[in-house]
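Notes for the one structure printed next.
What follows is calculated from the coordinates using simple rules that are stated; it is not laboratory data. Values in this document were obtained by computation on a predicted structure and should not be read as measured data. Here the Cβ positions follow ideal geometry from the backbone for every residue, glycine too, while neighbour counts run over all protein chains shown.
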């Protein structure tokens with residue numbers, strides 16, 4: 001909302017669409033190239049699960065505590081984005097939607113895939129997530145008015161608790177293999 005406060009409703013919808021579109025393709029890129037990236041860098045999936053789980057854990061802690069996450073962008077990045085025409089790519093699509101936590105999640109989930117249907121499921125989840133992001137971005141002023149600060153804080157904290165559980169599961173799965 002702070003990035004688009006001077007924009008019309010139509011401009012906000014256009015920016016929301018572009019940000020969601022860019023985020024979709026960023027995450028699909030990592031979904032498709034995840035195996036190659038692991039092999040190229042010599043990273044095992046269990047090691048990535050532990051590292052990614054720790055990263056997601058830290059992001060979740062920020063959500064539970066109600067703090068602005070570092071993934072949201074530093075103030076100078078936001079200020080630079082305000083001075084550019086295209087805020088849809090940076091910081092909205094990257095790092096807000098397709099940041100380290102989302103990329104880590106996609107790469108770790110990619111490691112669980114045993115069949116083509118799993119790949120389609122993750123692709124569908126990415127699409128639905130980006131669709132929801134588009135809807136939320138498009139209606140951000142309405143949602144803020146409807147939910148208020150307290151409602152947004154509650155949703156943020158509940159999301160953080162769920163993300164904490166996911167991160168602990170990633171870490172546990174990775175450690176099981178690494179410690180054998």
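Using the alpha-carbon atoms, what tilt in degrees (0 to 90, nearest 10) does helix 140-178 show relative to the longest principal axis of the chain?
Orientation of helix 140-178: about 10 degrees from the principal axis.
Relative contact order of region 9-178, please, whole-number percent, based on alpha carbon pairs below 8 angstrom and at least 6 residues apart.
This gives 47 percent for region 9-178.
On a 0 to 90 degree scale, rounded to 10, what angle separates helix 9-41 from the longest Cα axis of the chain?
Computed tilt is about 20 degrees.
Taking only the alpha-carbon positions of region 9-178 and ignoring solvent, what does the Debye formula give for the base-10 log of I(q)/I(0) at q = 0.12, 0.15, 0.18 Å⁻¹?
Values returned for q = 0.12, 0.15, 0.18 Å⁻¹ are -0.60, -0.93, -1.28.
Would you calculate, for the chain, the mean residue ellipticity at 222 nm contributed by helices, counting each DSSP H stretch of 4 or more residues as -39,500 (n - 2.57) and dividing by all residues, to the nearest 500?
-27000 deg cm²/dmol
Identify which of 16, 165, 88 has the largest mean-square fluctuation in a Gaussian network model of the chain, with springs joining Cα atoms closer than 10 Å.
165
For the peptides 22-33, 40-51, what is the packing order when you average, over each peptide's residues, the other Cβ atoms within 10 Å and list the highest mean first?
22-33, 40-51
What order, most packed first, do the peptides 156-162, 99-105 have when packing is the mean number of other Cβ atoms within 10 Å of each residue?
99-105, 156-162
Hey, could you pull the Cα Rg and Dmax for region 127-175, both in Å?
Using the Cα atoms of region 127-175, the pair Rg, Dmax is 14.4, 44 Å.
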